Amino acid sequence: MRPRHALIAAAVCLAVPLLTAAPASAGIVDVSCGPPSSQTNTYSPPLTATPQTVVVNSSARYTCVSAGVPALTSGTRTVEVSSPGRSCLDLLTGFPVTLTITWNTGQTSTLSGSSTVATAGATHVVTMTGTVTAGLFAGDAVVSTAISPSAPILLCTLGLGTVSSTTSTLLLEITST
């Protein structure tokens with residue numbers, strides 16, 4: 001097996017246990033989104049090991065299924081914020097999250113919660129748990145997982161590079177409580 005293929009296989013093996021966590025609740029899954037759902041975060045200027053003011057642009061596209069709302073098949077979200085004192089070390093810590101997804105039906109869902117970060121081998125995993133606070137599925141529980149390569153982040157924290165962007169595979173489950 002070529003070294004690159006071995007690294008990819010190892011990353012998948014390490015990520016699988018992180019992706020098989022228990023669902024948000026024992027309720028009914030109202031919407032489930034998975035690959036090719038993805039998120040791209042860009043950092044301007046690129047993140048370094050030294051804190052600086054950075055403009056973060058985060059955009060996501062969701063590919064979904066919903067038994068309760070069969071017309072719901074996709075969603076998008078975009079957020080842009082200016083953050084003082086940001087470094088690549090911030091990518092290794094959890095943070096509060098509030099975001100709004102616009103569904104292909106024209107409806108929206110505002111999600112609020114907190115995130116945790118885990119880095120295992122070549123995989124960087126950010127898991128957000130919370131609730132839908134407004135819009136479609138209000139009151140439901142949310143679990144969202146973003147999975148990306150960890151190497152650029154880890155090299156940056158060691159002062160051996162910068163992070164200008166990250167691209168993650170997204171998983172999202174919204175479950176009635």
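Just so it is clear, none of the values below were taken in a lab; they were calculated from the coordinates. Every value quoted in this text rests on a predicted model; they were computed, and no experiment measured them. So basically every Cβ, Gly included, is an ideal-geometry build from the backbone, and we count neighbours across all protein chains shown.
At a glance:
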quantity	calculated
Kirkwood-Stokes translational diffusion coefficient of the chain, alpha-carbon pairs, 25 °C, 0.890 mPa s, µm²/s	145 µm²/s
Paramagnetic label zone (point 7 Å from Cα along Cα-to-C-beta, Thr129; backbone N under 12 Å) in region 141-177	142-144
Proximal charge balance of Ala141 [Cβ under 13 Å; K/R count +1, D/E count -1]	-3
Burial order of peptide ranges 98-111, 122-135, 48-61 (average beta-carbon count within 10 Å, highest first)	122-135, 98-111, 48-61
Total charge dipole magnitude, the chain, about the Cα centre, Cβ charges on Lys, Arg, Asp, Glu only, Debye to nearest 20	420 debye
Helical mean residue ellipticity (222 nm; -39500 (n - 2.57) per DSSP H run of 4+; nearest 500) of the chain	-4000 deg cm²/dmol
